[in-house]
Amino acid sequence: MTKRTWTMAMILAAVGACSAFISLPVGLGFLLGSAAAALNYKRNERYWSGILSQGSAAAGTGMPHFMINWMIMVAVLLICVKLPNYFNIFSCAAGLFLIKITVTVDTLINGKGE
């Protein structure tokens with residue numbers, strides 16, 4: 001992602017966090033989901049950069065990586081289920097889509113990108 005896209009992601013995360021003024025669990029849930037989305041993106045970026053620099057990968061190479069990504073998302077949602085007074089599960093799920101929403105909005109606004 002470009003620096004512009006990361007800036008847009010941080011702005012969207014801040015706007016989502018402002019929902020804490022309406023309901024604290026909603027804002028905290030969105031921040032938790034956004035943090036997990038950013039973590040998964042960075043993990044994917046590092047993983048695919050490594051694969052592309054090698055030039056090839058053996059069959060089944062990505063299975064542990066993607067299982068860990070799913071476990072991160074599940075763990076975040078389970079935290080929301082176990083602590084509903086602190087985290088809203090629906091806003092957390094929306095936060096997990098932060099990177100996808102940001103890239104889509106950036107592409108729609110700026111055309112093909114850089």
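If L28, L78 are ordered by their accessible area, calculated over protein heavy atoms with a 1.4 Å probe, which sequence runs from highest to lowest?
Descending order: L78, L28.
Run the numbers for M71 and T104: contour at 0.36 nm per residue of separation, minus the present Cα-Cα distance, in nm.
In short, 9.4 nm is gained.
Could you run the Debye sum over the Cα atoms of region 1-45, one equal point scatterer each and no solvent, and tell me log10 of I(q)/I(0) at q = 0.33 Å⁻¹, two decimals?
-1.09
Label-point separation (nm) for N44 and I79, each offset 7 Å from Cα along Cα-to-Cβ?
2.0
Starting from the 7 Å offset along Cα-to-Cβ, what nm value, one decimal, do you get for the label separation of L52 and I22?
3.8
Can you give me the solvent accessible area of C92 with a 1.4 Å probe, rounded to the nearest 10 Å²?
About 0 Å², ignoring ligands and nucleic acids.
Of all the accessible heavy-atom surface of the chain, with the other protein chains kept in place and a 1.4 Å probe, what percent is carbon and sulfur?
Carbon and sulfur together cover 74 percent of it.
Size of the chain along its principal axes in angstrom, Cα-based, largest extent first?
Principal extents (Cα only, largest first): 49, 36, 16 Å.
The values are calculated or read from the model by the stated rules, or taken from the named source; none is laboratory data. These numbers come from a predicted model, not from an experiment. So basically every Cβ, Gly included, is an ideal-geometry build from the backbone, and we count neighbours across all protein chains shown. Just the protein is used for accessible areas: all its heavy atoms, side chains included, with ligands, DNA and RNA removed. Shrake-Rupley method; radii C 1.70, N 1.55, O 1.52, S 1.80 Å.
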